[in-house]
């Protein structure tokens, strides 16, 4: 039986990829209420973090939905909703 | 078109020219280095545009277009700013539109994930054509410069000829470790980047 993914699992995935993309961002400075730009990411960093997170979570989120996000928590929520929806249909 | 490459760590912050809204925006950055670089960019943009427009830097007003592209509110011309790590690229044109982008070269870039997950599902040969990273970054900065020049998102990879026949993009020689590009509808002669 597959264990259901939680929102915290998704947050952990996103945090790991943000910290990998931003060499000098310490875990203590990772604040998901901030935007990725506020954490120091540029456009390529953001695209790489989202791409790696989607690949690890095995989900696809349309770019049109991603462009509306204003902070990391909203990204985590969106990825989590899609992960749950994907697991229901598979 | 004026193009400047600037080491943000060498910019003397001018809090007297930065607007109160920009000062409060700086506070949102989590790391001090990002806070300082943001204020350096605002100082830089106001100082450089003030020079070419012969205006007091503090008097310049900006507004954002529909997709967030900043515009001069009460002065002629178009400008664009991009930064990566500690360097910023700034361009100004008195007529037409301009966009710039700069990226620091990086050892580890997951090109396959970016192309497959974010931009769709290209054929393996499409991914191969972007190796090594430099080729991907060259295409990326040209894409970003074009997107900034138009003020609209563009599909990636894109052909500027297809997207907008009046726009052209050029790779800029910024020296290691940076790759940069400019896109504009203004005819460029010799593209010279000024170090500031």
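We did not get these values from a lab; they are worked out from the coordinates using the rules stated. These numbers were taken from a predicted model, which means no experiment stands behind them. Here Cβ is always computed from backbone atoms with ideal geometry, including for glycine, and neighbour counts include all displayed protein chains.
Over every Cα atom in chain B, the radius of gyration and the widest Cα-Cα span, Dmax, amount to 17.1, 53 Å.
Along each principal axis, taking the top coordinate minus the bottom one, the Cα set of the protein assembly as shown gives 70, 41, 34 Å in descending order. Working from Cα positions, state the angle (0 to 90°, nearest 10) between the long axis of helix A:7-21 and the longest principal axis of chain A. Taking the Cα atoms of chain A, the angle to A:7-21 is about 40 degrees. Under the simplified labelling scheme, the residue B:23-residue B:9 pair shows an inter-label distance of 2.7 nm, with each label point 7 Å from Cα along Cα→Cβ. Build a GNM of chain B with springs between Cα atoms under 10 Å apart, and of B:183, B:112, B:145 the one that fluctuates most is B:112. Counting only Cα atoms, the size of chain A along its three principal axes is 39, 27, 19 Å, in decreasing order. Highest average first, the peptides A:39-49, A:20-30 ordered by how many other beta carbon atoms sit within 10 Å of their residues are A:39-49, A:20-30.
Helices in chain A, meaning DSSP H runs of at least 4 residues, each add -39500 (n - 2.57). Divided by all residues, the mean residue ellipticity at 222 nm is -18500 deg cm²/dmol.
When B:27, A:72 are sorted by how many other C-beta atoms sit within 10 angstrom of their C-beta, beginning with the fewest, the order is B:27, A:72. On C-alpha positions alone, give me the angle between the axis of helix B:32-53 and the longest principal axis of chain B, in degrees, nearest 10. That works out to roughly 70 degrees. With N counted as the residues of region B:30-95, its alpha-carbon radius of gyration over 2.2 N^0.38 Å works out to 1.14. Rounded to the nearest 500, the helix-only mean residue ellipticity at 222 nm of chain B stands at -8500 deg cm²/dmol, with each DSSP H run of n ≥ 4 adding -39,500 (n - 2.57).
Taking chain B as a Gaussian network of alpha-carbon nodes connected by springs under 10 Å, the highest mean-square fluctuation of the residues B:62, B:79, B:38 belongs to B:62.
What ranking of B:102, B:187, A:59 emerges when the number of other C-beta atoms within 10 Å of each C-beta is taken as an exposure proxy, fewest first? Mind showing how you got there, number by number?
Numbers: B:102 25, B:187 8, A:59 20.
So the ranking, lowest neighbour count to highest, is B:187, A:59, B:102.
Largest GNM mean-square fluctuation among B:28, B:169, B:59, using chain B with Cα springs under 10 Å: B:28. Please check which bits of region A:37-53 a label hung off residue B:108 would reach, taking the label as a point 7 Å along Cα-to-C-beta and the cut-off as backbone N under 13 Å. So the set is A:49.
Against chain B, whose longest principal axis comes from its Cα atoms, helix B:133-150 is set at around 50 degrees.
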